[in-house]
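See structure below.
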Amino acid sequence: MVILIAEDDELILKTIEHKLLKDGYKVILSRNGKEAIDHIQNTDINLIITDIMMPFASGIEILSAIKSTGKKIPVIMLSSMGQEEVVLNAFDLGASDFIVKPFSPNELMLRTKRLISK
């Protein structure tokens with residue numbers, strides 16, 4: 001299973017990477033939205049965990065890029081903004097789940113496993 005993490009906060013990125021590697025997943029890291037979109041277009045990915053606010057392309061733009069490829073990849077959105085409008089927009093564009101920062105890495109792993117097992 002290959003999981004793409006798109007996150008510009010290095011501490012959060014490394015924390016998620018550590019948990020996923022420990023659970024046996026292959027991990028691809030992207031520190032900005034453009035890198036993430038490049039990976040989506042060129043790599044077989046089973047799940048994406050992405051922040052909404054990132055340099056070069058937002059998590060919302062990542063959702064649009066997934067939709068344009070025709071791929072059906074589950075996406076967990078992360079954001080420090082828990083506003084209803086942002087959450088609803090993410091779900092409208094195809095997000096599978098939404099977690100407000102700060103979050104529990106263990107909760108993220110449970111949600112990851114749930115989405116991958118579908």
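The values are calculated or read from the model by the stated rules, or taken from the named source; none is laboratory data. Treat the numbers as computed from the prediction; the structure is a model and nothing was measured. Please note: Cβ atoms are built from the backbone with ideal geometry, for glycine as well, and neighbour counts cover all protein chains shown.
Looking at Gly59, Gly33, which is the one that is under 11 Å from the mean Cα position of the chain (by Cα), over 17 Å from Ile116 (Cα atoms), of a type outside the set (A, V, I, L, M) and modelled with pLDDT under 95?
Gly59
In region 108-116, is there at least one residue being within 14 Å of the chain's Cα centre (by Cα) and among the hydroxyl-bearing types (Ser, Thr, Tyr)?
Yes, region 108-116 contains a residue that is within 14 Å of the chain's Cα centre (by Cα) and among the hydroxyl-bearing types (Ser, Thr, Tyr).
If I filter region 65-81 for residues that are basic (Lys, Arg), outside any helix (DSSP H, G or I) and in contact with a Leu (Cβ under 9 Å, 6 or more places away or on another chain), do I get at least one hit?
no
Could you pull out the residue among Leu11, Leu4, Leu20 that is farther than 19 Å from Phe91 by Cβ, in a helix (DSSP H, G or I), in contact with a strand residue (DSSP E or B) (Cβ under 8 Å, 6 or more places away or on another chain) and of a type outside the set (Lys, Arg)?
Leu20
Mind listing whichever residues of region 40-64 are surrounded by fewer than 18 Cβ atoms within 10 Å (Cβ to Cβ), in contact with a strand residue (DSSP E or B) (Cβ under 8 Å, 6 or more places away or on another chain) and of a type outside the set (Asp, Glu)?
Once the filter is applied, which keeps residues that are surrounded by fewer than 18 Cβ atoms within 10 Å (Cβ to Cβ), in contact with a strand residue (DSSP E or B) (Cβ under 8 Å, 6 or more places away or on another chain) and of a type outside the set (Asp, Glu), region 40-64 yields Thr43, Asn46, Met53.
So which residues in region 72-92 are modelled with pLDDT of 90 or more and farther than 18 Å from Lys22 by Cβ?
Lys72, Ile73, Pro74, Val75, Met77, Leu78, Phe91, Asp92
Identify all residues within region 51-71 that are charged (D, E, K, R) and within 22 Å of Leu20 (Cβ to Cβ); write none if there are none.
Asp51, Lys71
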